[in-house]
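Okay, so here's the structure we're looking at.
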Amino acid sequence: MSTNPRAQAAEDSDGGIPDPRQLRKVLTAVSIALMAVIASVTGLNVAQTHMAVEYGASQSTVLWIINIYTLFLAALLLTLGALGDRLGRKPTLIAGLGLFGIATVTAGLAPTAEVMLAARAASGIGAAMIMPITLAVITSTFPAEQRGKAIGVWTGIAGGGGILGMFLSALLVDVADWRWLFALPAVLTVAALAMALKAVPNSRETSSHRFDTVGALLSVIAATGLIFVLQEGPEHGWSAPATLMSLTVGLATGAGFIIWELHRRDAGLLDVRLFRERTLAGGSITLLVVFGVQAGIGVVLFPFFQAVLGWSGLLSTVAMMPMALAMMVASGLAPQLAARTGARSTMAAGIALAGVGMALMALFVSVEGGYLSVLPGLVAMGVGMGLSMTPSTEAITASLPPEKQGVASALNDVTREFGTALGVALLGALVSAGYRSSIGDKLNDIPHSAADTAREGVANAVEVADSTGSHAQDLLHTAQQSFVDGWQQAMWAGAAIMAALFVYIAFRGPTTPSVDTDEKTPAEAIPAP
């Protein structure tokens, strides 16, 4: 006998009204699980030099240790989200947490770079099991009138949790040892596992159709190829053979996936026809751009704080916190605003505010102005992103039926991961190009070898400055000002992208879904053990 997963998620003590305490336990469990996954995305960024020294590893190997986690996560999200729908969301979440926890502990103890790479890959697989299920549990458990608030909490953690995780990781590196970075996700995983076993309900898709193995395989290859391009292109060059080969494979298999899904008569992995509807298309495009801009901003900010302002890694991370906190608060408020003004208006307001934030940073950033010259723009961006992320996530999950919520959640996550990789590649490239263009031939009075090193980047200029004797201050000032010039170029490009997105959402954005408890018939549920 099937039961309603929302009723199963909470003891019905009042004739059909879910118990708010039980719903809070469910939300807490999946939020902690999500935080563990997000913290592992960004945490190792602050330990690059430590890993290079301890393992005797090249910069390329260190970057692979960081990126292989995201590669496996993004490549497997859609497939494992769909399997979670079929096999049961609770057992998938439990298995993912178990794998993720073991892999995280292994990474923390890894004696060699090879063991670390394998552990990080396994962590990515576990994360791909966890991440889509956390959101699917919310959408299949919470009643419609409370779902928006719960999704707001989820998106706030997804958006701001990475910065918070980076701060805690930087703190652990400063006060202890870089290996303690893995303690944070390990502890979060144990806490999430304990709560999930007790509080999270189980639900699954009941389908007479076989699992879309071909579609799953095509999606994995396509995502792997395209994410690889975005990760390796900036490092090895966009015209390198490996980059071009990966791009070709990614685009070809992506096209093959679309063709395959269009010609299936039964329910495939993902009904790509749904992208013709403004709700799914608007939500996906918004998340792609917003998370891309957020990730790109992170790439730009850290060199500014460390190389231009001379701050430590920990202080630089603290400086990012106003944006993260503003984002998390705005994500929680977005459902109420969307209920009053509509999803499209809320998204458009958030996008406009984020664009204004980028414009403010482009206008007022300066070497002399320091942190205060970028703080107003950071806060405006944080609020704008928070307002736009929650209704975008709701738009995606509302577009797919209840039995496909694992797929809907995975699609949301894949969009975020692609946006993140794309934003890092795009804004990072714009800053680098702007820096090199600005510094140009301004270093003619500097020794030739030092000038060539300084032209590679502002961090390189800071490192080589002491070797130039009396020219040190001139070199530093020129490099810092050139970085600010590149920063402005990237910010204006980001503002233009946000302006284009604003126009699109204003005319083609999603409408507010009807808030109705029967809006989605829950998926077939299995009684919780």
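The values are calculated or read from the model by the stated rules, or taken from the named source; none is laboratory data. Keep in mind it's a predicted model, so treat the numbers as computed, not measured. Cβ atoms come from the backbone with ideal geometry, glycine included; neighbour counts cover every protein chain shown.
Brief remarks on what is shown
- Filtered residue count, the stretch 299-325, keeping only those that are under 13 Å from A170 (Cα atoms), aliphatic (A, V, I, L, M) and at pLDDT below 85: 1
- Qualifying position, being in contact with a helix residue (DSSP H, G or I) (Cβ under 6 Å, 6 or more places away or on another chain), within 30 Å of E54 (Cβ to Cβ) and of a type in the set (A, V, I, L, M, F, W, C), among A118, A128, A150: A128
- Exactly one residue out of S438, S409, S432 is surrounded by 24 or more Cβ atoms within 10 Å (Cβ to Cβ) and either of a type in the set (S, T, Y) or in contact with a strand residue (DSSP E or B) (Cβ under 9 Å, 6 or more places away or on another chain) (or both): that is S409.
- Any hit, the stretch 148-162, residues being in contact with a Gly (Cβ under 7 Å, 6 or more places away or on another chain) and surrounded by fewer than 22 Cβ atoms within 10 Å (Cβ to Cβ): yes
Here is a yes/no grid of residues against (1) part of a helix (DSSP H, G or I); (2) of a type in the set (G, A, S); (3) more than 19 Å from the chain's Cα centre (by Cα):
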| site | (1), (2), (3) |
| --- | --- |
| T79 | yes, no, no |
| G84 | yes, yes, yes |
| A95 | yes, yes, yes |
| G101 | yes, yes, yes |
| A121 | yes, yes, no |
| M129 | yes, no, no |
| T139 | yes, no, yes |
| G161 | yes, yes, no |
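- Options V379, V374; residue that is among the β-branched types (V, I, T), surrounded by fewer than 24 Cβ atoms within 10 Å (Cβ to Cβ) and either farther than 18 Å from G152 by Cα or under 20 Å from the mean Cα position of the chain (by Cα) (or both): V379
- Across the stretch 403-447, the qualifying residues are those that are among the charged types (D, E, K, R) and more than 23 Å from D485 (Cβ to Cβ), and the one among them that is modelled with the lowest pLDDT is E403.
- Positions within the stretch 44-87 being surrounded by 20 or more Cβ atoms within 10 Å (Cβ to Cβ) and hydroxyl-bearing (S, T, Y), in sequence order: Y69, T70, T79
- Given (1) crowded, with 18+ Cβ neighbours inside 10 Å; (2) outside any helix (DSSP H, G or I), number of the condition T253 does not satisfy: (2)
- Annotation: of all residues in the stretch 109-139 being over 18 Å from A192 (Cβ atoms) and of a type in the set (G, A, S), the one that is surrounded by the fewest Cβ atoms within 10 Å (Cβ to Cβ) is A118.
- Residue that is surrounded by the fewest Cβ atoms within 10 Å (Cβ to Cβ) [pool: residues in the stretch 349-371 that are of a type in the set (V, I, T) and part of a helix (DSSP H, G or I)]: V356
- Candidate set from the stretch 254-294 (those that are among the aliphatic types (A, V, I, L, M), at pLDDT 80 or above and within 22 Å of the chain's Cα centre (by Cα)); member that is farthest from A216 (Cα to Cα): V293
- The helices (runs of 4 or more DSSP H) found wholly in the stretch 395-471 and carrying at least 1 residues that are without any contact (Cβ under 8 Å) to a residue 60 or more places away in the chain and within 30 Å of F291 (Cα to Cα) occupy 405-439, 458-464.
- Total residues in the stretch 171-195, condition assigned to a helix (DSSP H, G or I) and surrounded by fewer than 23 Cβ atoms within 10 Å (Cβ to Cβ): 17
- Hits in the stretch 196-234 (condition: surrounded by fewer than 14 Cβ atoms within 10 Å (Cβ to Cβ) and either assigned to a helix (DSSP H, G or I) or polar (S, T, N, Q) (or both)): K198, T206, S208, T213
- A single member of T346, T341 is in contact (Cβ under 8 Å) with a residue 12 or more places away in the chain, among the β-branched types (V, I, T) and either surrounded by fewer than 24 Cβ atoms within 10 Å (Cβ to Cβ) or assigned by TED's automatic domain parsing to the domain that holds V290 (or both), and it is T346.
- Just one of (1) over 22 Å from the mean Cα position of the chain (by Cα); (2) at pLDDT 85 or above; (3) not small (G, A, S) fails for P18. It is (2).
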